[in-house]
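Structure first, commentary second.
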Amino acid sequence: MPDTQALVNDFLNKLKKRKIEGSQATAKQTAELLRSVISQTRMPYTNQASALIHSVKAVGERLIAANPVELAVGNVVRRVLHIIREEDLSLTTAAMAGLNLSAESDDEDDTDRDNHPALSAAAIAAASRSTLRPPSLQTLLEDVPDSAAVPHTSSSGGDSEGKSKSADKSSRSRKLKHDVIEAVNELIQDISTCRELIAEQAVEHIHQNEVILTLGSSRTVLEFLCAAKEKKRSFRVFVAEGAPRYQGHLLAKELVTRGLQTTLITDSAVFAMISRVNMVIVGAHAVMANGGVIAPVGLNMVALAAQKHAVPFVVLAGSHKLCPLYPHHPEVLLNELRSPSELLDFGEFSDCLDFGSGIGAPLLHVVNPTFDYVPPKLVSLFITDTGGHNPSYMYRLIADYYSADDLVLERRTASGN
Amino acid sequence: MNRVGLQYLAGDLSGGNARCIAMLQAFQEAIRDYSTPPEKTLTRDLTSKIGGFVSFLIECRPLSMSMGNAIRFLKSRIARLPLTLSESEAKTTLCSDIDRFINEKIVLADKVILRHAATKIRDGDVLLTYGSSCVVEMILLYAHELGKQFRVVVVDSHPMLEGQKLLRRLVVKGLSCTYTQLNAISYVMHKVTRVFLGASSIFSNGTVYSTVGTASVAMVAHAFRVPVLVCCEAYKFHERVQLDSICFNELGDPDAISKVPGRVDVNYLDNLTDKQKENLELLNLKYDATPSDYISVIVTDYGMIPPTSVPVIVRGYRKEYLLI
């Protein structure tokens, strides 16, 4: 455990200091960290899934708190929790199917399975209790943690039953951990390859002699455009520079190195040029459950211009960017303000900073937000590693990747009734 | 004349009104120094001389719409000079005409605009302005002098960064200002109550021709249901019509885009190889055309008019030329 603790603290530091660039890198490192946490978790005899979930949640809460604006962290934590629940469920159904064959008929507890005397009632009861079920009203009101109920039942089993059950359970526990770690490895693999899968779809969307507009720089967009170029489609790209980080300059340099005809324009010229553009292709920082996009600053302006000129606005996003939360006041709550020195030189404007009104409040404020919120009605299409989707469909993908219980990660405080 | 031309070239003189006034004053000097050569009529020779000066100015920097209108005014005045006037009388008439033009169409017009626009500013307003327009600056300072309590948001864009100069002048006078760049406009627009914009010209279909980026500001303001007021003297109106920004525009220095003043860490475009330079084009537009549906009202010296009334003023205004 001390090993993992050091890893966790190290990662927390990096998140707090915003040292990791990009949601893909963040997602991958989060997944790798959680994999270590899982492999280090000590598994009790019963209710292994709850133990795993508990330990992942404990670490996950701290990670999210370190950088609440980087939604990829929360997404990966919730993905891992969903994986644990799913693997547990599939193992239990396999175990229950297996129990149908063994005919032990000790009736310890009276359960409601009297019409199946072939099944061991206690085993079934224990298995069904240890499976994680969606919260019922009773469990919510009682606030009884799952692990408290089960050991009582298993201790009341007979000796022979107990031995076979414990043998069952220890192999089950090893299997659960193993399955979960395998699934997390698959998740890491998916995160790493999402750009290739998105880029494969480029040919369907970019045709000959098209004009594409983008703003700032996104590695996903770069690979997307290069994939289309590989397939011998010739097209032009307008890159808006994306002040004040000017990452559009970087993207333009990359594109010309790979031989694409690129024109670098200022952000102010986007409205002027968009009438001559066939498609706008941009990357996203995160995609919210309603189909809204948290994107680099300036993209709401581009999306509005695209809507006015009836130009399709296409957003490329890997599935690790899909967040199961609905955005509330995203411009403020999901935004980060960067240093004003990117806009104004402190030295030059130091005289302006001296002028204060009578209460001493400065007259000059400088605002430098990092992100913009683009509402779903302005987005024409999402291209993810699973294919192209409408913004109205994104909420359905959430059911594939996340469980309803994990949306709120904060543990419930014990309520004194 | 050379001095004015060089000032345009260097970019020291910018803004429609300033350029127009400087040009007209240079013309006044030229007219005073002018003497008719023998065997030539004053009107024709002077007109061709003025034409020569105009070509020189165009070489330094393409004319703005306001300058174009002023030159047309001057040429029509020269053409209307009665033939009976002596040379010195003609010269003084022309110089006084130019003075009257500057006074009536620019200086007094601005005062009228100030009065109209100040009625639209209430206490507690958050006013947004883009770039640096002399008329909007005057309005803000005037309203501040009247004692109205409001905040100003100055939006700026690369590469001109004109907003920084405006910001400095406003803060010095004691206005509470917020400074941001164009990309953050959706972030600030939530709190803004009014948008004040300047214009280089307004076309007869109501399209506002102004500094590049104005269209984006007006569009976002419209999306957030914030009223947009364009403040423009009537002499800048033009009978052209234009639907988009590409057909008629001015290109600025392309290298200005790749340089970012004061930020060494973002000079990504230094040291490009030849192959890279071959594929890369830098486009620096100076103007853009804002569609009339984004504009709520145009404040001119003829009053506050909707964008659809611009051709009415253009038509009436042309007649005024003849009556002077």
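Of note:
- Condition check for B:Thr119: without any contact (Cβ under 8 Å) to a residue 12 or more places away in the chain and over 23 Å from B:Arg32 (Cβ atoms): yes
- Conditions (1) buried (at least 17 other Cβ atoms within 10 Å of the Cβ); (2) within 12 Å of chain A (Cβ to nearest Cβ); (3) in a loop (DSSP other than H, G, I, E, B): number failed by B:Gly262: (1)
- Of the criteria (1) more than 27 Å from A:Arg195 (Cα to Cα); (2) in contact with a Pro (Cβ under 9 Å, 6 or more places away or on another chain), which one A:Glu336 fails: (1)
- If the condition is being among the hydroxyl-bearing types (Ser, Thr, Tyr) and more than 20 Å from the chain's Cα centre (by Cα), then the stretch B:1-54 contributes B:Tyr34, B:Ser35, B:Thr36, B:Thr41, B:Thr43, B:Thr47, B:Ser48.
- Scan of the stretch B:193-216 for residues that are within 26 Å of A:Ala303 (Cα to Cα) and surrounded by fewer than 23 Cβ atoms within 10 Å (Cβ to Cβ), ordered by number: B:Thr193, B:Arg194, B:Asn205, B:Gly206
- Count - residues of the stretch B:139-165 that are under 26 Å from B:Gly252 (Cβ atoms) and among the hydrophobic types (A, V, I, L, M, F, W, C): 5
- Check on B:Ser96, at pLDDT below 90 and exposed (fewer than 15 other Cβ atoms within 10 Å of the Cβ): no
- A:Glu254 modelled with pLDDT under 95 and more than 9 Å from every other protein chain (Cβ to nearest Cβ): yes
- For B:Val312: the one exception among (1) within 11 Å of chain A (Cβ to nearest Cβ); (2) in a helix (DSSP H, G or I); (3) farther than 26 Å from A:Leu304 by Cβ; (4) of a type outside the set (Ser, Thr, Tyr): (1)
- Test: residue in the stretch B:274-287 that is within 30 Å of B:Lys111 (Cα to Cα), crowded, with 16+ Cβ neighbours inside 10 Å and of a type outside the set (D, E, K, R): yes
- When B:Met189 is tested against (1) in contact (Cβ under 8 Å) with a residue 60 or more places away in the chain; (2) over 24 Å from B:Gly16 (Cα atoms); (3) not in a helix (DSSP H, G or I), just one condition goes unmet, and that condition is (3).
- Annotation: of all residues in the stretch A:199-249 being free of Cβ contacts under 8 Å to residues at least 24 places away in the same chain and in a loop (DSSP other than H, G, I, E, B), the one that is nearest to the other protein chains (Cβ to nearest Cβ) is A:Tyr246.
- Scoring A:His328 on the criteria (1) more than 9 Å from chain B (Cβ to nearest Cβ); (2) in a loop (DSSP other than H, G, I, E, B); (3) touching a helix residue (DSSP H, G or I) at 6+ places or on another chain (Cβ under 8 Å) leaves a single failure, condition (3).
- Where B:Glu250 falls short, out of the listed (1) within 14 Å of another protein chain (Cβ to nearest Cβ); (2) over 15 Å from the mean Cα position of the chain (by Cα); (3) not aliphatic (A, V, I, L, M): (2)
- Tally of residues being over 22 Å from B:Ala256 (Cβ atoms), of a type outside the set (Phe, Trp, Tyr) and within 11 Å of another protein chain (Cβ to nearest Cβ) across the stretch B:271-295: 4
- Members of the stretch B:209-236 found to be more than 20 Å from B:Met138 (Cα to Cα) and more than 12 Å from every other protein chain (Cβ to nearest Cβ), listed by number: B:Arg225, B:Val226
- Being touching a Phe, Trp or Tyr at 6+ places or on another chain (Cβ under 7 Å) and at pLDDT 90 or above is a condition met by no residue of the stretch B:253-264.
- Every pair of residues 6+ apart whose Cβ atoms lie under 8 Å, when the first sits in the stretch A:268-279 and is more than 7 Å from every other protein chain (Cβ to nearest Cβ) and in a helix (DSSP H, G or I) while the second is among the aliphatic types (A, V, I, L, M) and surrounded by fewer than 24 Cβ atoms within 10 Å (Cβ to Cβ): A:Met273/B:Ile246; A:Met273/B:Leu283; A:Met273/B:Leu285; A:Ile274/A:Val311
- Counted residues, the stretch B:121-175 - those being touching a Leu at 6+ places or on another chain (Cβ under 9 Å), part of a loop (DSSP other than H, G, I, E, B), polar (S, T, N, Q) and more than 9 Å from chain A (Cβ to nearest Cβ): 2
- Flag if B:Ala184 is touching an Asp or Glu at 6+ places or on another chain (Cβ under 6 Å) and either part of a helix (DSSP H, G or I) or within 22 Å of A:Phe271 (Cα to Cα) (or both): no
- Residue that is under 29 Å from A:Val184 (Cα atoms), touching an Asp or Glu at 6+ places or on another chain (Cβ under 6 Å) and surrounded by 24 or more Cβ atoms within 10 Å (Cβ to Cβ), where the choices are A:Gly298, A:Gly283, A:Gly318: A:Gly318
- A:Leu299 being facing chain B (nearest Cβ under 9 Å) and out of contact with any helix residue (DSSP H, G or I) (no Cβ under 7 Å at 6 or more places or on another chain): yes
- B:Ile298 more than 7 Å from chain A (Cβ to nearest Cβ) and modelled with pLDDT of 95 or more: yes
- Residues satisfying the stated conditions in the stretch B:36-58, i.e. crowded, with 16+ Cβ neighbours inside 10 Å and farther than 15 Å from B:Lys91 by Cβ: B:Phe53, B:Val54, B:Leu57
The values are calculated or read from the model by the stated rules, or taken from the named source; none is laboratory data. Remember, predicted model here, so these are calculated numbers, not experimental data. All Cβ positions, glycine included, derive from the backbone under ideal geometry; neighbour counts span all protein chains shown.
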